[in-house]
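Participant: Dropping a structure here in structure tokens format, bear with me for questions.
The values are calculated or read from the model by the stated rules, or taken from the named source; none is laboratory data. All values reported here derive from a predicted model rather than from experimental measurement. Every residue, glycine among them, receives a Cβ derived from its backbone with ideal geometry; neighbour counts consider all protein chains shown. Protein only, heavy atoms only, side chains kept; ligands, DNA and RNA dropped before computing areas. Shrake-Rupley method; radii C 1.70, N 1.55, O 1.52, S 1.80 Å.
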Amino acid sequence: MANLQIIRWDDIAIEVNFSQEGSPIDLTWYTVFFTVKGWDDDWNTDEHAIIKKTFDTFEVGWDDPTQWKIHIILTHDDTAVEIWDYKRDLQLKSPEWLISSIEAWSFLVIDDVTKRIDLPNN
């Protein structure tokens with residue numbers, strides 16, 4: 001993943017593939033942390049993060065941990081944030097509790113154009 005642009009209030013699935021030197025990493029029993037926060041927020045805490053997602057290989061969200069792929073699912077509740085350019089990162093925690101930061105990039109939230117939606121009749 002590189003810089004990411006999303007539309008506020010949209011549901012989105014972000015596909016992430018993990019590899020080491022081009023070979024898939026078996027992520028069985030790993031945990032993935034996805035965090036989004038302001039550029040000025042303290043890196044030492046996630047207290048003020050606007051999005052915090054944790055995915056374990058034995059929970060919903062993993063396509064196949066042995067094939068190194070996950071979809072980070074963000075709902076409209078997750079993306080209902082201020083329009084802004086945030087920072088985000090992705091970390092892995094191994095079964096041995098080793099933490100690896102994968103990357104830190106921009107997370108740009110832009111406004112949607114269409115403001116109307118058709119809801120089903122109740």
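Participant: For Kirkwood radius over Cα pairs in Å, pick the label among (1) 16.2; (2) 15.1; (3) 15.7 that corresponds to the value derived from the coordinates.
Facilitator: Checking each listed value against the structure points to (3).
Participant: Assuming 0.692 mPa s and 37 °C, estimate D for the range 67-117 with Stokes-Einstein, Rh taken as the Kirkwood radius over Cα pairs, in µm²/s. Walk me through the numbers before you get to the answer.
Facilitator: Values: Rh = 13.8 Å.
Diffusion coefficient, whole number: 237 µm²/s.
Participant: Keeping all protein chains in place, calculate the accessible area per residue for the chain (probe 1.4 angstrom), answer in Å². Spell out each step's value before the answer.
Facilitator: Values: 8130 Å² over 122 residues.
It amounts to 67 Å² per residue over the chain.
Participant: Given Cβ point charges of +1 (Lys, Arg) and -1 (Asp, Glu) and nothing else, what value in debye, to the nearest 20, does the dipole of the chain about its Cα centre take? Don't skip to the end; give the middle numbers.
Facilitator: Details: 10 positive and 24 negative charges, 27 e Å.
In total the dipole reaches around 120 debye.
Participant: Strictly over 18 Å apart at the Cα level, which of LYS52/LYS115; LYS53/LYS93; LYS52/LYS93; LYS53/LYS87 would you flag in this model? Please list the in-between numbers first.
Facilitator: Values: LYS52/LYS115 26 Å; LYS53/LYS93 13 Å; LYS52/LYS93 15 Å; LYS53/LYS87 14 Å.
Going by Cα-Cα distance, LYS52/LYS115 fall outside the 18 Å limit.
Participant: Roughly speaking, to the nearest percent, how much of the chain's 1.4 Å accessible area is carbon and sulfur?
Facilitator: Answer for the chain: carbon and sulfur cover 51 percent of the accessible area.
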